[in-house]
Amino acid sequence: MPTQRHFPSSRVVLYAGDHPPPHVHVQLFDGRECTVALHDLGIVGRVAARQIRGELDWIATHREALRAEWRRLNP
């Protein structure tokens with residue numbers, strides 16, 4: 001699971017062999033996790049958008065590179 005970015009209270013990771021649609025996982029250091037879809041930044045999981053605002057901003061900025069990496073890991 002390549003970590004794409006570390007944040008003070010979380011990390012953004014991509015899994016190889018993961019299911020579509022392209023997405024990243026945001027793992028909070030308190031044990032919670034959610035997925036963020038790369039096409040619309042939709043969140044699935046028990047994490048509010050306000051709790052991962054910095055992560056969402058970073059994902060939005062790096063969306064194309066994350067899509068390319070997701071495709072590389074999930075041919």
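The values are calculated or read from the model by the stated rules, or taken from the named source; none is laboratory data. Because the structure is a prediction, the values reported are computed rather than measured. Counting neighbours? That spans all protein chains shown, and the Cβs are built from the backbone with ideal geometry, glycine included. Keep in mind that these areas ignore ligands, DNA and RNA; they rest on the heavy atoms of the full protein, side chains included. Shrake-Rupley method; radii C 1.70, N 1.55, O 1.52, S 1.80 Å.
Return the residues of the range 1-14 that are within 21 Å of Ala65 (Cα to Cα), at pLDDT 95 or above and open to solvent by less than 70 Å² (accessible area, probe 1.4 Å); say none if nothing qualifies.
Answer for the range 1-14, where residues must be within 21 Å of Ala65 (Cα to Cα), at pLDDT 95 or above and open to solvent by less than 70 Å² (accessible area, probe 1.4 Å): Gln4, Phe7, Ser10, Arg11, Val12, Val13, Leu14.
Within the range 15-47, how many residues are touching a Phe, Trp or Tyr at 6+ places or on another chain (Cβ under 7 Å) and more than 17 Å from Leu66 (Cα to Cα)?
Total satisfying the criteria: 0.
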